[in-house]
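What follows is one structure encoded as structure tokens, with my remarks underneath.
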Amino acid sequence: MAKKEKLRQRLLSHPKDFTWDELVTLLYYLGFKEEGAGKTGGSRRKFVDAQGNVINLHKPHPGNIVKEYAIKQVVERLKELHLVNE
């Protein structure tokens, strides 16, 4: 199984230890690019795909583990875009 599919399955299982790096990697695999991550961006991150679909998130800090509510939001948004299905 490819890394992309493993990350997708892991996200869909709503793990409590999903890292920010794993999430960013998966979003990149799905065609999203991070925008506006400059000095004044703070912890808010915006990911946009080629069709202009947006996923807004807060980067976790001080740790690297994505909050459960953020995982649920990402899964719901990816379902809306037909990029994942459970």
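Taking Cβ atoms as reference points and 12 Å as the exclusive limit, the residues near ARG10 contribute a net charge of +2, counting Lys and Arg as +1 and Asp and Glu as -1. Can you tell me which aspartates and glutamates have their Cα less than 14 Å from the Cα of LYS4? Leave out same-chain residues fewer than eight positions away. Counting by Cα, and skipping residues close in sequence, LYS4 has these aspartates and glutamates nearby: ASP21, GLU22.
Compute the signed sum of charges (Lys and Arg +1, Asp and Glu -1) over the other residues within less than 15 Å, Cβ to Cβ, of GLY63. The partial results should precede the final answer.
Numbers: positive: LYS16, LYS59, LYS67; negative: ASP17, ASP21, GLU22, GLU68.
Result for the neighbourhood of GLY63: -1.
Working note: Debye formula, equal point scatterers on the alpha-carbon atoms of the chain, no solvent; log10 I(q)/I(0) at q = 0.14, 0.22 Å⁻¹ is -0.45, -1.15. Per residue, the convex hull spanned by the Cα atoms of segment 36-86 measures out at 85 cubic angstrom.
Read-outs throughout are calculated quantities, based only on the coordinates presented, and are distinct from any laboratory measurement. Worth saying up front: this structure is predicted, and the values here are computed from it rather than measured. Backbone-built Cβ (ideal geometry, glycine too); neighbour counts: all protein chains shown.
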